[in-house]
Amino acid sequence: MIETIWFLVVGGLLILMGLASSTFKRLPISTAMCYLAIGVAMGPGAANLLKLDLTTDATVLRRITEVAMLVSLFAIGLRLRVPPTDRLWFLPVRLGLVAMVLTVAALTLFAAYALGLSWGPALLLAAMLAPTDPVLAHDVQVETPGDIDMLRFSLTGEGGLNDGIALPFALLGIAVCRFETTPGEALHWDFALQAVWGIAGALAIGWLLGAVSVRLVAYLRTRHGQALGPEGFYALGLIALSYGVAELLHTYAFLAVFAAGLSMRRVEQKTSGGKSAREAVGNIDADDVGAAAADPERAHAFMAERVHGFTIELERIAEVAIMLIVGAVLATMWRDLFTWQAGALIVALFFVLRPAAVEASLIGSRAAGPQRRLMSWFGIRGVGSFYYLLYALEHAPHDVAAPLAPLVVATIAASVIVHGITATPLMNRYQRARKDA
């Protein structure tokens, strides 16, 4: 009976959200807010259909969340249709690297001195909450490949970069926690070299695999009329291959998958010339799909657009799954969320620490005042923070990581609600101002 109810709930939810998707674009409500509320209703205390325990279910939940992150990061890479040498990349790099490092430092100090945490848990909490979200931020991200709006491009690129760059800080936080509980475990100075290799190696691996795979498929299609299979298989295969090679070579897999998406889009951009991807593909009849895929002038654009459409759908499904999970977890521990520590952390992060870090990272940039303020505000916390919480519950001492869970879950819930309410009106106002200008 429980399985039947699950089918009814999930089926009804997906159809309802599909029908209402255009309506949500006009309302100050995000789809993530709805999924979160439904997850709470499905959790203990209400329908009691979804019972989750962060401690015992951490490994399974972490793997589900990891898959969602990988799909979203690959999709983000495909959206950013800008050469890597373009000056526009300076802003997302500043946000994804400089602002995140500053946020980690500020959050660590705040957690240590204001919340009373020791240095290990303070750094671990900062590493969990520093990365912005690549899954839930689609309302403020690049809408179509080729969109070079400075605000949207910067927030999109930031989400693609900092979810991988946050890993060394999480690892360092776990190491400090272990050192504090077991002083015999020394901290090694080669950690910094490992972090540099993890970032640089991942970007190189993802870029190489993305370029080689798309060129190979295009070659087989245009020269031999082969490899005309479904693009979704290539997308999932490239994501899995980038992840596996990155892990095998001890680099950061999130960055590798993001770079693979960037590389696939870059190959398409170079072969399409001055045309947009959709212009390069052109109009395709239902009976002409195979010919379009094998056309030398359209093969790369056709593949990139089909893969992009496939990953967008997967990203939406991942959002549903993760927000239902977070909602159920929220329903389980809601009594632990209403503390002064959680309230102080949320206010400090949203209104002080994130804006200060962004403003400092953008000194001397071309971003205008309204763009800076919106970049400061839309530091959405969600799936990335949830992933690092689960990672910490797996690898850090339990008595250190478990007390941090209510703080992280409370911040995620607050971000989903507050940023979800403000995204539509603020972005509409921003678009109107751009048109007037």
Scope the stretch 385-435; condition over 14 Å from L129 (Cβ atoms) and hydroxyl-bearing (S, T, Y); matching residues: T422, T424, Y430
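For the stretch 49-67, give me each residue that is β-branched (V, I, T), part of a loop (DSSP other than H, G, I, E, B) and without any contact (Cβ under 8 Å) to a residue 40 or more places away in the chain.
Keep residues of the stretch 49-67 that are β-branched (V, I, T), which gives 55-56, 59-60, 64-65, 67.
After this cut, where a residue has to be part of a loop (DSSP other than H, G, I, E, B) as well, the list is 55-56.
Matches in the stretch 49-67: T56 only.
For the stretch 134-177, what are the residues that are polar (S, T, N, Q) and at pLDDT 90 or above? Can you show your working first?
Quick first cut of the stretch 134-177, residues polar (S, T, N, Q) only: 141, 144, 154, 156, 162.
Listed by number, the residues that qualify are S154, T156.
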Close pairs from the stretch 103-122: first in contact (Cβ under 8 Å) with a residue 60 or more places away in the chain and closer than 23 Å to S376 by Cα, partner small (G, A, S) and not in a helix (DSSP H, G or I), Cβ under 7 Å, at least 6 apart: T103/A130; V104/A130; L107/A130
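Hey, any hits in the stretch 358-380 for a residue that's hydroxyl-bearing (S, T, Y), over 30 Å from D53 (Cβ atoms) and modelled with pLDDT under 90?
Let us first name the residues in the stretch 358-380 that are hydroxyl-bearing (S, T, Y), namely 361, 365, 376.
Keeping just the survivors that are over 30 Å from D53 (Cβ atoms) gives 361, 365, 376.
Then drop every residue that is not modelled with pLDDT under 90, which leaves 365.
Yes: the stretch 358-380 contains one or more residues that are hydroxyl-bearing (S, T, Y), over 30 Å from D53 (Cβ atoms) and modelled with pLDDT under 90.
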Residue within the stretch 267-287 that is surrounded by fewer than 18 Cβ atoms within 10 Å (Cβ to Cβ), modelled with pLDDT of 85 or more and more than 23 Å from the chain's Cα centre (by Cα) present: yes
Members of the stretch 95-108 that are under 15 Å from G364 (Cβ atoms) and surrounded by 24 or more Cβ atoms within 10 Å (Cβ to Cβ): L95, A99
Residue list for the stretch 123-158, restricted to those being of a type in the set (A, V, I, L, M), under 20 Å from A368 (Cβ atoms) and assigned to a loop (DSSP other than H, G, I, E, B): V140, V142, I148
Evaluation of F191 against (1) farther than 21 Å from H300 by Cα; (2) out of contact with any Gly (no Cβ under 6 Å at 6 or more places or on another chain); (3) surrounded by 15 or more Cβ atoms within 10 Å (Cβ to Cβ) (one fails), failing number: (3)
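So which of W377, W340 is under 29 Å from A46 (Cα atoms) and free of Cβ contacts under 8 Å to residues at least 60 places away in the same chain? Even if it seems obvious, please write down each step before you answer.
Working: W377 fails: under 29 Å from A46 (Cα atoms).
Residue meeting the stated conditions: W340.
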Residues satisfying the stated conditions in the stretch 388-412, i.e. more than 19 Å from the chain's Cα centre (by Cα), of a type in the set (A, V, I, L, M, F, W, C) and part of a helix (DSSP H, G or I): L393, V400, A401, A402, L404, A405, L407
Which numbered condition F350 misses (of (1) farther than 17 Å from A106 by Cα; (2) modelled with pLDDT of 95 or more): (1)
Sole exception among (1) surrounded by fewer than 12 Cβ atoms within 10 Å (Cβ to Cβ); (2) at pLDDT 90 or above; (3) closer than 30 Å to A402 by Cα for R87, by number: (3)
Conditions (1) among the basic types (K, R); (2) out of contact with any Ser or Thr (no Cβ under 9 Å at 6 or more places or on another chain); (3) surrounded by 13 or more Cβ atoms within 10 Å (Cβ to Cβ); (4) under 19 Å from R152 (Cα atoms); number of the one not met by R62: (4)
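Scan S385, S376, S415 and give me the residue that is of a type in the set (S, T, N, Q), in contact with a helix residue (DSSP H, G or I) (Cβ under 6 Å, 6 or more places away or on another chain), assigned to a helix (DSSP H, G or I) and surrounded by 23 or more Cβ atoms within 10 Å (Cβ to Cβ). Outline the logic, then answer.
Values: S376 fails: surrounded by 23 or more Cβ atoms within 10 Å (Cβ to Cβ); S415 fails: in contact with a helix residue (DSSP H, G or I) (Cβ under 6 Å, 6 or more places away or on another chain).
Every option except S385 fails the conditions.
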Residue match in the stretch 76-84 (condition: closer than 20 Å to F350 by Cα, basic (K, R) and modelled with pLDDT of 90 or more): no
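The values are calculated or read from the model by the stated rules, or taken from the named source; none is laboratory data. Just so it is clear, the model here is predicted, and its values are computed rather than measured. When we count neighbours, we look across all protein chains shown, and the Cβ atoms used for this are built from the backbone with ideal geometry, even at glycine.
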